[in-house]
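Asks: Sharing a structure with you now.
The values are calculated or read from the model by the stated rules, or taken from the named source; none is laboratory data. Quick caveat: nothing in here was measured; it's all calculated off a predicted structure. With ideal geometry, Cβ positions are generated from the backbone for all residues, glycine too; neighbour counts draw on all protein chains shown.
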């Protein structure tokens, strides 16, 4: 097998790969129009800041993790509440 034979399958794989700005946005939290627009335009910055990741043509927006205090405030039952 020659290098030329090996490079043809690689060229096909690379040609099929999406390169460039993501075309869709998926988030694990509610996203407003303005935030979605900012994420779409500045997607490289969002990825660098680990607020998003890119998989193929999709920009995945990730909600920042809660601090311990935020988690406790959100998920600790208040007196008199039933869970």
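Asks: Return the only residue of 31, 47, 41 being surrounded by 12 or more Cβ atoms within 10 Å (Cβ to Cβ) and closer than 15 Å to residue 20 by Cα. Lay out the reasoning, then the answer.
Replies: Working: 31 fails: closer than 15 Å to residue 20 by Cα; 41 fails: surrounded by 12 or more Cβ atoms within 10 Å (Cβ to Cβ).
Selected residue: 47, the only one of 31, 47, 41 that is surrounded by 12 or more Cβ atoms within 10 Å (Cβ to Cβ) and closer than 15 Å to residue 20 by Cα.
Asks: Which members of region 50-68 meet the condition of being at pLDDT 95 or above and within 11 Å of residue 21 (Cβ to Cβ)?
Replies: 59
Asks: Identify the single condition in (1) part of a loop (DSSP other than H, G, I, E, B); (2) out of contact with any helix residue (DSSP H, G or I) (no Cβ under 8 Å at 6 or more places or on another chain); (3) modelled with pLDDT of 80 or more; (4) over 26 Å from residue 66 (Cβ atoms) that residue 19 does not satisfy, given that it satisfies every other one.
Replies: The single condition residue 19 does not satisfy is (3).
Asks: Output the helices (runs of 4 or more DSSP H) that fall wholly within region 23-83 and possess 1 or more residues being free of Cβ contacts under 8 Å to residues at least 60 places away in the same chain and in contact with a strand residue (DSSP E or B) (Cβ under 8 Å, 6 or more places away or on another chain), or say none.
Replies: Working: elements: 33-41, 43-48, 68-75.
Of the helices (runs of 4 or more DSSP H) lying wholly inside region 23-83, those with at least 1 residues that are free of Cβ contacts under 8 Å to residues at least 60 places away in the same chain and in contact with a strand residue (DSSP E or B) (Cβ under 8 Å, 6 or more places away or on another chain) span 33-41, 43-48.
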